[in-house]
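See structure below.
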Amino acid sequence: MTSGAQMPDVAVVGFVEAPNVRRTDGTTNGVEMLVPIFAEVLEQTGLSRRDIGFWCSGSSDYLAGRAFSFVSAVDAIGAFPPVMESHVEMDAAWALYEAWIKVLTGEADVALAYGFGKSSAGDLRRVLALQLDPYVAAPLWPDSVGIAALQCRLGLDAGFWGERDMAEVAVRARAAAMANSRAQLAGTVTADELLSAPYLADPLRAHDCAPVTDGAAVVVIAAADRARELCDRPAWISGFEHRIDSGQLGARNLCAAPSANAAGSAAGADGVDAAELHAPFTHQEIILRSALGLPGSVRVNASGGALAANPMFAAGLARIGHAARQVMSGAADRALGHATSGPALQQNLVCVMEAG
Amino acid sequence: MTEPSDALRNGPSDSPREGPLSAPLEISFDYTRSLGPVLSQFMTALADRQILGSKSADGRVHVPPAEYDPVTFAPPEELVPVGPDGTVQTWSWQPAPRDGQPLNRPFAWALIRLDGADTGLLHAVDGGSPDAMRTGMRVRPRWAAQRSGSIRDIECFEPAQGPAAAADAADRATAVDQNGRVPIEMITTPIRLRYQHTASAEESRYLRGLAEGKIVGQRCPACGKVYVPPRGACPVDGVPTSTDVELPDTGTVTTFCVVNVPFQGQRVKVPYVAASVLLDGADIAFQHLVLGCDPGEVRMGMRVRAVWKPRDQWGTTAENIDHFEPTGEQDAPYESYAHHL
């Protein structure tokens, strides 16, 4: 414990992500991506399926193009005899939040959260219009890149960041992803090379936008005694908070992320060595570093982050998993995982974890 | 490449390396929503070519109107007219418009602060080219010819030249009189989404089997249970079901219901029987029709056989089996299917 506060009750003890790819030939119910990573995380922790007291998933029927797609995914967990199970129609980082509450209340001592998304089945930029205000925004079918680009220009005009700052975020993400064998986009590039490309949606270029990814992720958490049995160095959850900004895009301060700031303050973002930020656009990483008050010394997105792989409904959970891995491996004593949901960083979740 | 010597996979067109079956899938439906008092006024005014904002207690004017203030959560004090001209706060260029967007030629998305408003309205600007766009530029609405009380009543915004048209205001007054301001209380938003739907590898083998008149299930390597249609993973054990099993087209009715209610799209005349049929050798029943006898004769334990459509109508679909009919055999004993109910 570094904070001297009361010993946290729950820790992350396992994390696996599926290979992040542009297109799988599996179904949109995720079973093909989930079966192998469940096996892998159970092997990693030495658990059997019957040891999991609570399962919680994050996915979206709009993305899958079918109703109740998460019910088919339940086949992958072997849900007979019946298991205790739940689902959120959002990034599985929020499924992990529900699982954390379940463990805190004592209803389960080991819980597993998973998220999956096969974005390649449809037109992701169009599907995401359905998360907008259904009266005055969604009927225009604004695409997700166009909206992020509105946010980006506000910051460019205000001098909060420049196109070169954004390109440098992409350069770092791709370089870091070279150490992550399951990343989708990795490599050595220079900001000059990236800036010579044409705009995708002025002022955003392709490198400013996360790739479209098919993928899945799973995180296992456990209560105190079980956590110590399952993992040499559990990543104890010392703060776990989420906040949301107004659904009215034009009423928000888009250059800041007030809800990320509030979640970070409440979760105790100070003093982390490493952070994994769910920033699907380069300028959003700059906003989040500032909103969370991360000094330059903090290692950000050692995994490559969402710019290297952005499986919808799993990328936020994977950020928490990668941050936990930093603690479990000993690379960090205190790490932060962040997840976002909604347009232009509308909703933000922060999970702070530390070594025991 | 030699196939595994598995009788179930040796169809001429079938190979384990053949990809899963996939097909385009278009989903379309309408969302019909009630507007509530604030948005009802906003939409009704749009149909009359007027834009309203909501005024909060602090004097800030939100456009589009906020049903509740995002900070204080108080309902608005009143709705007030804004615009029609406004200023672009930020914009982005859409070089390749997508289905359903306001314009079918390249345009800008923008947040537009209408004169008299304090927040930005998201809409499209018909700006011609990114070179012609700039933050701070003045724009005004271009109204749709047909208006129904929707954000789409504003076709888009366009660069403002000269003072806001007085003629437009006159037109509007006429329109108001003509419409008599019948409040618009509902909106309908059509949704259309396109996907490439993919069957699982197991479902694909099942569907390709059907195209050859076979019913192919799969056995769980852990518990030995046979699932048809195959599911990809055993719901008991959570492991992939990897062994194919060809099943006969005979089975037992485990349970059934008599359908007496006609509905749209029904392809069989009522009354008829929808039953759970447990194929011989399977561990999970599947639903099908039982025809060829009086519905009153169908019973639990009745032995049935698949009636296939003519071979030239077969495809990779379960519809190749038209229905099941009684075999005339003695009923199966209850114990033989009791644990499949």
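No value in this document is a laboratory result; all are computed from the given coordinates. The structure presented is a predicted model; accordingly, all values stated were derived computationally and were not measured. Note that each Cβ is placed from the backbone with ideal geometry, even for glycine, and that neighbours are counted across all protein chains shown.
The figures follow:
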{"read-out": "Relative counts (whole %) of C-alpha pair distances in chain A, using bins that are 20 Å wide", "value": "33, 60, 7"}
{"read-out": "Alpha-carbon centroids, the range B:94-149 and the range A:3-69: separation in whole Å", "value": "41 Å"}
{"read-out": "Efficiency of FRET between residue B:263 and residue B:71 - r from beta-carbon atoms, R0 41 angstrom, step 0.05", "value": "0.25"}
{"read-out": "Chain B: angle of helix B:166-179 to the longest principal axis, Cα-based, in degrees nearest 10", "value": "50 degrees"}
{"read-out": "Stokes-Einstein diffusion coefficient of the protein assembly as shown, Kirkwood radius over Cα pairs, 4 °C, 1.567 mPa s, in µm²/s", "value": "46 µm²/s"}
{"read-out": "Inter-probe distance in nm under a simple model that places probes 7 Å from Cα toward Cβ, at residue A:85 and residue B:327", "value": "3.3 nm"}
{"read-out": "Between the range A:295-329 and the range A:176-235, the alpha-carbon center distance in angstrom", "value": "6 Å"}
{"read-out": "Rounded to 10°, Cα long-axis angle of helix B:36-47 versus longest principal axis of chain B", "value": "70 degrees"}
{"read-out": "Relative contact order, percent, the range B:33-171 [alpha-carbon distance under 8 Å, six or more residues apart]", "value": "22 percent"}
{"read-out": "Euclidean distance of C-alpha centroids, the range B:292-327 and the range B:202-248, integer Å", "value": "20 Å"}
{"read-out": "FRET E, pair residue B:338, residue B:308, Förster distance 30 Å, beta-carbon r, rounded to 0.05", "value": "0.55"}
{"read-out": "Residue B:138-residue B:223 pseudo-label distance in nm [points 7 Å out on the Cα-to-Cβ vector]", "value": "7.3 nm"}
{"read-out": "Full-stretch length increase - residue A:233, residue A:25 - with 0.36 nm per residue and alpha-carbon distance subtracted", "value": "71.2 nm"}
{"read-out": "Global form of chain B, assessed from the alpha-carbon gyration tensor, a/c cut-off 1.5", "value": "prolate"}
{"read-out": "Separation in nanometres of the label points that stand 7 Å from Cα toward Cβ, at residue A:160 and residue A:270", "value": "2.4 nm"}
{"read-out": "Under 22 Å from residue B:309, Cα to Cα: lysines that are on another chain or at least 8 residues apart", "value": "B:214, B:269"}
{"read-out": "Contact order normalised by residue count of chain A, Cα under 8 Å, 6+ apart, percent", "value": "26 percent"}
{"read-out": "Within 10 Å of each Cβ in A:248-258, the average number of Cβ atoms from other chains", "value": "5"}
{"read-out": "Highest-first arrangement of A:283-296, B:237-250, B:260-273, B:309-322, where packing means the average Cβ count within 10 Å", "value": "A:283-296, B:237-250, B:309-322, B:260-273"}
{"read-out": "Nearest 10 degrees, 0 to 90: helix B:201-210 Cα axis against chain B principal axis", "value": "60 degrees"}
